[in-house]
Amino acid sequence: MRMSGRSLPASMLLSIRDRRMRKANALSPKKDGVTGTLVASYNVHKCIGVDRKFDPDRTSRVIREIAPDVIALQEADNRFGDRVGLLDLHRLELETGLVPVPISATGKGHGWHGNVLLFKRGVVRDVHQIRLPGLEPRGAVVAEIDFDGNQSLRIIAAHLGLLRRSRSQQAQVVLDLMNSPDEKPTLLLGDLNEWRLGNRSALNTLHATFGPQPPAVPTFPSNLPLLALDRIMANRHGIIAAVEAHDTPLSRVASDHLPLTAFVHL
């Protein structure tokens, strides 16, 4: 198997070589000279860390480390039954100012098929919950948020499936949510579960609308990130900057994914 024109072992070596730089940058998310809305995507793995301990407080501490303006969480609910939410969202709001985008799902879950979208300031104008096709229960939350009264951004928070065929179908559903590449600024945040490139990749389906993207950043597995499963994508060129993994001692153990962060300029 080949990735980005390099063999898998070569990609591993590059990831290991660059990890020290990513860790140093992640410790200071508000970097000198970089401004904008700080967005993040984080698969919290049902608050179970690589040490196999269930620790929602640890997950919340990682979110506090990031200090995002907007964050999309995946696997924030139990997978079966009532899909009970696993985080203390009230405490998280008190400590970070982040509140969840309201949804109409039944049960005791935080989000929709495990997807939770939280934001710090702004007005939610529109919300949709989308069922994604495939053998696994997957979904997406689509929200339009006005920031500071005059900057509107549509955000699609999604978690694609493990099967290649399902990912391609799900990516097409995401595109169907958008009428044309020239419409309102849109971000796609989430765990896309796709490391392949080329015609067999779900990313190829998204390319027509989301276009060329910043270089992929490995986020999985968190203790030695080799695969770029998590993505922050935009349908407007140049509005995303400083895409990085939030690689800290805490985030390396809190989940099997590292959070992914970026600055957005509207």
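Between beta-carbons, use under 12 Å as the cut-off and find the net charge around Val253, counting Lys and Arg +1, Asp and Glu -1.
+1
Tell me, rounded to the nearest percent, the portion of alpha carbon pairs in region 56-162 spaced more than 21 Å apart. Mind dumping the intermediate values first?
Working: 1940 of 5671 pairs.
Taking all Cα-Cα pairs of region 56-162, the fraction more than 21 Å apart is 34 percent.
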inquiry  = Rg and Dmax in Å for region 163-263, alpha carbons only: what are they?
reply    = 13.9, 42
query = Tell me which aspartates and glutamates have Cα within less than 20 Å of Lys120's Cα, excluding those fewer than 8 residues away on the same chain?
reply = Asp57, Glu65, Asp69, Asp88, Glu93, Glu95, Glu144, Asp146, Asp148
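State whether region 100-191 is rounded, prolate or oblate according to the following rule on the C-alpha gyration tensor (a ≥ b ≥ c being the square roots of its eigenvalues): a/c under 1.5 gives rounded; otherwise a/b larger than b/c gives prolate, and the remaining case gives oblate.
Working: a/c = 2.49, a/b = 1.32, b/c = 1.88.
It is oblate, given that a/c is not under 1.5 and a/b is not larger than b/c.
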task = Quantify, in whole percent, the carbon and sulfur part of the accessible surface of region 35-88 (1.4 Å probe; protein heavy atoms only).
result = 50
Residue-count net charge about Arg125 - beta-carbon cut-off 13 Å; Lys, Arg +1, Asp, Glu -1 = -1
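The values are calculated or read from the model by the stated rules, or taken from the named source; none is laboratory data. Computed from a predicted model, the values in this text were never measured in an experiment. Cβ sites come from the backbone with ideal geometry, for glycine too, and all protein chains shown count toward neighbours. Keep in mind that these areas ignore ligands, DNA and RNA; they rest on the heavy atoms of the full protein, side chains included. Shrake-Rupley method; radii C 1.70, N 1.55, O 1.52, S 1.80 Å.
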